[in-house]
């Protein structure tokens, strides 16, 4: 049975302040919890699950503190409207230092919507991009909505937060591609072996101080009437052409 | 001042049953309302807006019944968490009969999420696709969340609901492209002048009875670990290569 203090602790992790203090985040649902357990058991600190889920997944849980709970208890600790069998507490990632040479890095300028951020991480994972860097005003990676919408890709993509102007201002750096409305057709650009791909905030685009440091401006040619594309959709299209 | 019966009527349009009965839908926010007014004033039946929005947009409202309301009244009739200056009631579209020859048509198999459906309509609009057909089990086009996420593209893209098996089963028809996990690389397919592009439901993909009638199976090559792409992202990538 879940004690009150534990319920309160897990609920508090819905807030960034407590996630930052504890270094812990919530992951929910069979898919994401399994991906995290497979990524390395050390990452997952505790699993709270319905009895049938525990029975089915014994092989994954050998080294993980696991507590059997009821549906009513899961409802209490879940951040989802419809809780889904299992909730895990995991330690926030500590990645080796970011290295931009020799690979493609996706750099996100102020993506505010948690669902968009998670979807972009999932897209990066699909295209084999293992490094994403967010400007400091982006949504929090450990927001439960971000974690959910990565659909498990959070376990495979390293996500950093950094001052993007400092990152792309490095004179020994790699080419920087900026997605704008009046650049070169992305389908005609040679696939780069390394570089930083800047994706702008949907309403404000890429900030001028970053745009002026871009080496190549690229565009997804528009043939109809829509004014813009969703940031995640744009990221998907860019990566499908450049990887 | 808004009378009670009017408030009740507008609120009822949040439900499909009442939208179907009346043939009316709700559009909210300056961007979408302006797009609808520009698309043809006959479409918009009534506009409810804050005084400042009416003053700024007099030129658009000459032939449209307009009622000035307060913020509190807007709150009552709005479907949004944060109402945005203006709400319009518009008549549902009546389009000429669908014609699949000589153009590209996007065909959606059971897209359930209203945000996804709206985003796909917006993507179609960006790529100049003016015809989208949804299977009968798809989300309702006039769901306020669909309307919002089209960002105004609803005014430019004709959306139909149809039995997709009947549509693509027509022997005198056009090529049918199906997006699957093991088809030809979409970046290597010749751009078709006409055809139907099938986009599957995210969890179930394209139903077998449709898949067996497809002439070309295409794939967005996967280079990393993610199991799937969001349906709207997949649609964007496919259209960026095939238009």
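Values quoted throughout were computed directly from the atomic coordinates according to the rules given, and no laboratory measurement underlies them. All figures in this text were calculated on a predicted structure; none of them were measured in a lab. All Cβ positions, glycine included, derive from the backbone under ideal geometry; neighbour counts span all protein chains shown.
Can you say what percent of the DSSP beta bridges in the stretch B:4-91, counting only those with both residues inside, are antiparallel? Round to 5. Percent antiparallel among DSSP bridges in the stretch B:4-91 is about 70.
Of all DSSP bridge pairs formed entirely within chain A, close to 30 percent run antiparallel. The stretch between residue B:99 and residue B:42, if pulled fully straight at 0.36 nm per residue, gains 18.1 nm over its current Cα-Cα span.
With a 10 Å cut-off around each Cβ of A:217-223, the average count of Cβ atoms from other chains is 3. Name the shape class, rounded, prolate or oblate, that the alpha-carbon gyration tensor gives for the stretch A:4-91, where a ≥ b ≥ c are the square roots of its eigenvalues, rounded holds for a/c under 1.5, and otherwise prolate holds if a/b is larger than b/c and oblate otherwise. Oblate. Shown for residue B:14: label points 7 Å from Cα along the beta-carbon vector, and their distances to the equivalent points in the other copies, 2.0 nm in ascending order.
Taking every DSSP helix (H) stretch of at least 4 residues in the protein assembly as shown, weighting each as -39,500 (n - 2.57) and dividing the sum by the residue count yields a mean residue ellipticity at 222 nm of -9000 deg cm²/dmol. Taking the label point 7 Å along Cα→Cβ, residue A:101 and its counterparts in the other copies are spaced 6.1 nm apart, in ascending order. Would you mind telling me the antiparallel percentage of the DSSP bridges in the protein assembly as shown, rounded to 5? DSSP beta bridges in the protein assembly as shown are roughly 30 percent antiparallel. Spatially, the stretch A:7-70 and the stretch A:135-180 are offset by 24 Å when compared through their Cα centroids. Once C-alpha pairs closer than 8 Å and six or more residues apart are averaged by separation and normalised to the residue number of chain A, the relative contact order reads 19 percent.
From the alpha carbon centroid of the stretch A:89-112 to that of the stretch B:205-243 is 27 Å.
For chain A, the longest principal axis of the Cα atoms and the long axis of helix A:30-39 meet at an angle of about 80 degrees. Rounded, prolate or oblate: pick one for the stretch B:104-242, where a ≥ b ≥ c are the square roots of the eigenvalues of its C-alpha gyration tensor, a/c under 1.5 means rounded, and failing that, prolate if a/b is larger than b/c, else oblate. Here the stretch B:104-242 falls in the rounded category. So what's the angle, to the nearest 10 degrees on a 0 to 90 scale, between helix B:231-242 and the longest Cα principal axis of chain B? Orientation of helix B:231-242: about 60 degrees from the principal axis. Here the stretch A:132-179 is treated as a Stokes sphere of Kirkwood radius computed over C-alpha pairs; at 20 °C and 1.002 mPa s its diffusion coefficient rounds to 173 µm²/s.
A full extension of the chain between residue B:5 and residue B:228 corresponds to an added length of 75.6 nm, given 0.36 nm per residue minus the alpha carbon distance. Stretched out straight at 0.36 nm per residue, the stretch from residue A:161 to residue A:58 would grow longer than its current Cα-Cα span by 33.5 nm.
In chain A, the longest principal axis of the Cα atoms and the axis of helix A:114-126 are about 80 degrees apart.
Each copy carries a label point for residue B:38 at 7 Å from Cα toward Cβ; from one copy, the others' points are 4.7 nm away, ordered from shortest.
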